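To start, the structure under review is shown below, and the notes come after it.
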Amino acid sequence: MLKLMPMNIYDVAAQQARMEDQAARGWFAVSVPGIFFLAVFEKGEPKAVRYRLEPAPVKESCPDPERLAAYQSMGWEYVDTSGKSMHLWRCDDPDAPELHTDPETEAQAYDRLFRRQQKVTQFWAAVQTLLTERTLLVWSVQEWKPLWREAAYWGFLLALALAAFRQWWSLRRYLRPLRAGVPVCHRRPYRLACGLSLAIMLLWGIYIASLCADMADPRSRPFEPAETFDEPVPYITEKGLQEVQAIHWDNWLTTDQWWTFEGMGDWETENRYYRLRFPWLADDLVDGILADYQEKGWPVMAWQIPGLDETWVSTRDDYGYWFLVVRLGDQVWSISTGTTEPTIDLAERYAAVLAEVQQKERGGAIYERSAGIQGVPACGAL
């Protein structure tokens, strides 16, 4: 029978206590595969036994014959090896000596595992550094990520990070008295650790379910005419002669996000409008967009436009495109256009729309498009 074990194989005292208590109820551990926090138990006559975990040498899938013979002579029987890292031994004789009687020598056997756990914590530190990269923030905001799906992902990721930290902490706590030459206690409470195992398994199941839902989600989403939406669509028409197409984008980092497109043939305008769920991310999002331009070799220039917190202009000379990035509070607007050079007048029109959005409550009237004159920008208004 499969039974739940503590989430951390290196929480040695908790693992041993869990197996010994099960043996007292008539369930004896026969396999510890080290995955999904489960172990295999067989039914037998209840009795008091001792279980001990011992670090395995590098790439040793089972103990060598000499060690098997030596431990058997002491009254210890080999049970299984978990993940090529820990050997499990069982002793039915209460008078048999412990596997290790010298604490400092036993601590040395754990040094390799402790160094490996330090590398795991360094890996999570590297992940944290990666997650703070500004260009990654742009990618994250532009992904189709509903809040429920993102919650499943981060819940599972944080659970894994917690498991990694607890592995390192448990092993460190277990080794501290051994390195000081003090015999270690072979038992400690394990119910909380088993509860965490169950929580991680449930989070893992939710995450897998979210991946299945993601596979069922359409891989592409069509643009629709802006006037067909019931909610306000922020946009500016460059010439006023083309129909503005829009997609309402779903991303947990934004409370409102629109992708609009106008124009075909010799010119076109593509806009990405963001209203950040966390206002303090707006400035970082602008920095990430600009960093992406600079990585592509496009020059970036700052403008001072009344009514805007930030205004930036960039060019792509090979295609004759201009890029405009504006920010007002928690709103960021990224514009690429192939029509005319973005003028101060154009930036001021974007500022006017951002100001109206900031003043209006969400769910207000639909934007009314003004008639554009050839070559003269026209903007939507609330």
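The values are calculated or read from the model by the stated rules, or taken from the named source; none is laboratory data. These numbers were taken from a predicted model, which means no experiment stands behind them. Here Cβ is always computed from backbone atoms with ideal geometry, including for glycine, and neighbour counts include all displayed protein chains. Ligands, DNA and RNA are stripped out before the accessible areas are found, and what is left, the full protein with its side chains, is counted by its heavy atoms. Shrake-Rupley method; radii C 1.70, N 1.55, O 1.52, S 1.80 Å.
Given a Förster distance of 56 angstrom, what is the FRET efficiency for Trp139 paired with Arg191, based on the Cβ-Cβ distance and rounded to 0.05?
So the FRET efficiency works out to roughly 0.85.
Give me the distance in nm between label points sitting 7 Å out from Cα along the Cα-to-Cβ direction at Ala291 and Arg221, one decimal.
2.5 nm
FRET efficiency for Val300 and Glu243, Cβ-Cβ distance as r, R0 = 35 Å, nearest 0.05?
0.65
Between Val58 and Val30, what FRET efficiency follows from the Cβ-Cβ distance if R0 is 25 Å, with the result rounded to 0.05?
Working from the Cβ atoms, E equals 0.50.
Counting other Cβ atoms within 10 Å, which GluC sites (Glu not before Pro) in the stretch 70-110 have at most 16 and lie in a DSSP loop?
Here the sparse-neighbourhood loop sites are Glu98.
Could you order Asp93, Asp284 so the one with the most accessible surface comes first? Probe is 1.4 Å.
So the residues, ranked largest to smallest area, are Asp93, Asp284.
Are there trypsin sites (Lys or Arg not before Pro) in the stretch 1-30 that DSSP marks as loop and that have at most 13 other Cβ atoms within 10 Å, and which are they?
Passing sites in the stretch 1-30 are Arg25.
Please give me, ordered by residue number, the chymotrypsin sites (Phe, Trp or Tyr not before Pro) of the stretch 274-304 that lie in loop per DSSP and have at most 13 other Cβ atoms within 10 Å.
Trp280
Could you work out how far apart the two model spin labels at Ala199 and Ala70 are, taking each label as a point 7 Å from the Cα in the direction of the beta carbon, and quote it in nm?
Roughly 4.1 nm, to one decimal.
For the stretch 169-226, with all protein chains present and a 1.4 Å probe, just round the carbon and sulfur fraction of the accessible area to a whole percent.
Accessible surface attributable to carbon and sulfur in the stretch 169-226 totals 70 percent.
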